[in-house]
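Step one of this worksheet: look at the structure below.
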Amino acid sequence: MRTGKILFMSVIILGLIFSFAYAASDAEKGKALFNDAKFAGGVKSCGSCHPNGKGLEKVGDKKEFGEAKISLEEMINACLVRANKGKAIDVKSDQMKEMVTYIRSLKGKKASSGY
């Protein structure tokens, strides 16, 4: 019985470790996309307007944006199209998931003014 409990807890702990590692990987990939001027066919990066995530520190707490109450994914696409002159990406794509994970990782962080 005790061996079963130990095995069960080990599986749970390993699962948590791998899920945190995977999330960190998504955040790093999202950060790379955030700073890629050519991402989604754009002419500048998200980091051009938000160096090191400046201005996005409270986005992680929000569920809806603006009077239209759009999602974070829709807000990212709006910026990609309007500010970056690029193309919207599929809201269910890995790239969108990575961007959202990176932006949410900025929650509560103080952004520095430089790169």
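The values are calculated or read from the model by the stated rules, or taken from the named source; none is laboratory data. For clarity, every value in this text was computed on a predicted model and none was experimentally measured. So basically every Cβ, Gly included, is an ideal-geometry build from the backbone, and we count neighbours across all protein chains shown.
The figures follow:
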read-out	value
Residue in segment 77-98 that is free of Cβ contacts under 8 Å to residues at least 24 places away in the same chain, more than 16 Å from the chain's Cα centre (by Cα) and surrounded by 15 or more Cβ atoms within 10 Å (Cβ to Cβ) present	yes
Complete set of residues in segment 23-79 that are closer than 16 Å to Val91 by Cα, acidic (Asp, Glu) and part of a helix (DSSP H, G or I)	Asp26, Glu73, Glu74
Matching option when the condition is of a type in the set (Lys, Arg), at pLDDT below 85 and more than 13 Å from Ser105 (Cβ to Cβ), among Lys38, Lys63, Lys44	Lys63
Subset tally (residues that are in contact with a Gly (Cβ under 9 Å, 6 or more places away or on another chain), of a type in the set (S, T, N, Q) and closer than 13 Å to Ile76 by Cα) for segment 26-65	0
